[in-house]
Ligand code: G6Q
């Protein structure tokens, strides 16, 4: 699939390496001073989103070299391979077609010569019908009461997307329906939700692509037991449990009526699945039409990704800047700073999207990667982060690029808040970029009445090195459409990076080992024969068993 020749030996990479030496000593302050059109030069729009990437340690040559890197690594043919349904997930032998789920243009999308769009439209239609029936009250619980609470039981890709989107779109939430998300196998998670809801008015959505995931199956089984203990009979389960899965056999075995199963396909990766039936909670919360707008926004970004020249292509630009800092500046993390409370779960969502996709050490053909791959992705909504970890962003010893994300408009109607929020967002990216020199600090302290030793001693603490890079993404609003475009932007960014680094963005073998060991340890904790372990694991198992025994006795 992807380019298998050496990345670091390529002409484009080597040109970037020597260019990096030239630009290392250049300050963004100077670049802005020298070029009044820097914002215009280094900003681009797509699918309604504006990306300002002028506050990066780049000049026109950097961008040209980065674009050349993308071109020489085959980003364009790789993009074509994904969109045409080739099995680019080579370690699992699967096509990767989340773009088909939001293909609003009417063209066929084929896997092995078969158009998948009729099935996609059929499930979307059924999801929409179901969501509307629950919302308008035609779908009721077993006592005839209206549904008031929806509990999504799922984890990872079957949780983070819909949980993030439901929070992002909560301003448009249905007045009666409360959405809950249970993912953790820690019983506190499910128990905390169950104590707030009534079996007669609660709908459980059991979301699991495989329908074998231990956390989800354990939570779903407990939820079913709780439901039956509330007085309902087996026949009532169908009114309160629906499934989102690719595994009809397991769904039926769990006792969910297949008429209430919403399917998807092996060519939808878990962390790319919020556009599929996995998005059912979102459709329940905002309705069929708004869910369609979410897909429209993602589709608009898909078109932008396919049609915009690489130089103006938002996902390509974001990807290349990430490769630049990771490969040439030693940046080990990327901070995501949404200046929008509604996007509070976006950093967690992107954490999975990026780290599970490109957190790899071997290339598609199994060779060790030649450069660092995915950085650590982390973040919190601004302005909260400013009062916590932004200290490190401004004055810490690491270079941490930041993606600032904000909506130009809001719907809450509270006077003054939004202007202050945006002022802070813009101020932070400016402060990171300009910093504050010792001379500036000296002048400031002098005019505040400091002098002599006290003044000199205070200076180093108040200096900001500046020259710290960031992107700013402005959304027109927090609508489903804008959210769809934003998420699709990051999906394609990750894809472009995977092509450049030569890794498979669509498998996740790194999550398997822990699962295997956990099932062996669980058997031992339940009293099974002790296995061969290192001293630490033995000691921890003994501590857990001793605590369990003590709890049993007392
Ligand atoms: C995502 C991963 C992973 C997956 C969960 C849940 O890309 O594959 O996060 O979504 O492990 O899997 P199921 O949907 O099969 O329960």
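Tabulated data
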| read-out | value |
| --- | --- |
| Among residues of the stretch 122-170, those that are away from the ligand (no atom under 16 Å from the Cβ) and out of contact with any helix residue (DSSP H, G or I) (no Cβ under 7 Å at 6 or more places or on another chain), counted | 12 |
| Complete set of residues in the stretch 199-212 that are under 22 Å from residue 282 (Cα atoms), outside any strand (DSSP E or B) and within 16 Å of the ligand (Cβ to nearest atom) | 208, 209, 210, 211 |
| Identity of the residue in the stretch 302-325, in contact (Cβ under 8 Å) with a residue 24 or more places away in the chain and not in a helix (DSSP H, G or I), that ends up farthest from the ligand (Cβ to nearest atom) | 308 |
| Residue, farthest from the chain's Cα centre (by Cα), within the stretch 97-119, restricted to residues that are touching a residue at least 60 places away in the same chain (Cβ under 8 Å), part of a loop (DSSP other than H, G, I, E, B) and more than 23 Å from residue 261 (Cβ to Cβ) | 105 |
| Residues satisfying the stated conditions in the stretch 385-409, i.e. surrounded by 14 or more Cβ atoms within 10 Å (Cβ to Cβ) and not in a strand (DSSP E or B) | 385, 386, 389, 390, 393, 394, 395, 399, 400, 401 |
| Filtered residues of the stretch 363-377 (kept if on the phi < 0 side of the Ramachandran plot and either in contact (Cβ under 8 Å) with a residue 60 or more places away in the chain or surrounded by fewer than 17 Cβ atoms within 10 Å (Cβ to Cβ) (or both)) | 363, 364, 365, 367, 368, 369, 370, 371, 372, 373, 374, 376 |
| Members of the stretch 504-527 that are crowded, with 22+ Cβ neighbours inside 10 Å and in contact with a strand residue (DSSP E or B) (Cβ under 7 Å, 6 or more places away or on another chain) | 504, 506 |
| Of residues in the stretch 272-288 being in contact with a strand residue (DSSP E or B) (Cβ under 8 Å, 6 or more places away or on another chain) and under 15 Å from residue 178 (Cβ atoms), the one farthest from the ligand (Cβ to nearest atom) | 285 |
| Residue ID - surrounded by the most Cβ atoms within 10 Å (Cβ to Cβ), chosen from residues in the stretch 160-185 that are closer than 25 Å to residue 269 by Cα and without any contact (Cβ under 8 Å) to a residue 60 or more places away in the chain | 182 |
| Residue in the stretch 72-86 that is part of a loop (DSSP other than H, G, I, E, B), free of Cβ contacts under 8 Å to residues at least 60 places away in the same chain and at negative phi present | yes |
| Meets criteria (touching a residue at least 12 places away in the same chain (Cβ under 8 Å), more than 26 Å from residue 331 (Cα to Cα) and in contact with a strand residue (DSSP E or B) (Cβ under 6 Å, 6 or more places away or on another chain)) for residue 407 | yes |
| Residue within the stretch 189-198 that is part of a loop (DSSP other than H, G, I, E, B), within 16 Å of the ligand (Cβ to nearest atom) and either surrounded by fewer than 19 Cβ atoms within 10 Å (Cβ to Cβ) or at pLDDT 95 or above (or both) present | no |
| Selection from the stretch 326-341 of residues that are part of a helix (DSSP H, G or I) and either buried (at least 22 other Cβ atoms within 10 Å of the Cβ) or at pLDDT below 95 (or both) | 326, 327 |
| The stretch 124-157: number of residues that are touching a strand residue (DSSP E or B) at 6+ places or on another chain (Cβ under 6 Å) and in a helix (DSSP H, G or I) | 1 |
| Inter-residue pairs, beta-carbon under 6 Å, first part of a loop (DSSP other than H, G, I, E, B) and in the stretch 410-430, second surrounded by 12 or more Cβ atoms within 10 Å (Cβ to Cβ), 6+ apart | 410/418; 411/171 |
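The values are calculated or read from the model by the stated rules, or taken from the named source; none is laboratory data. Predicted, not measured: the structure shown is a model, and the values here were computed from it. So basically every Cβ, Gly included, is an ideal-geometry build from the backbone, and we count neighbours across all protein chains shown.
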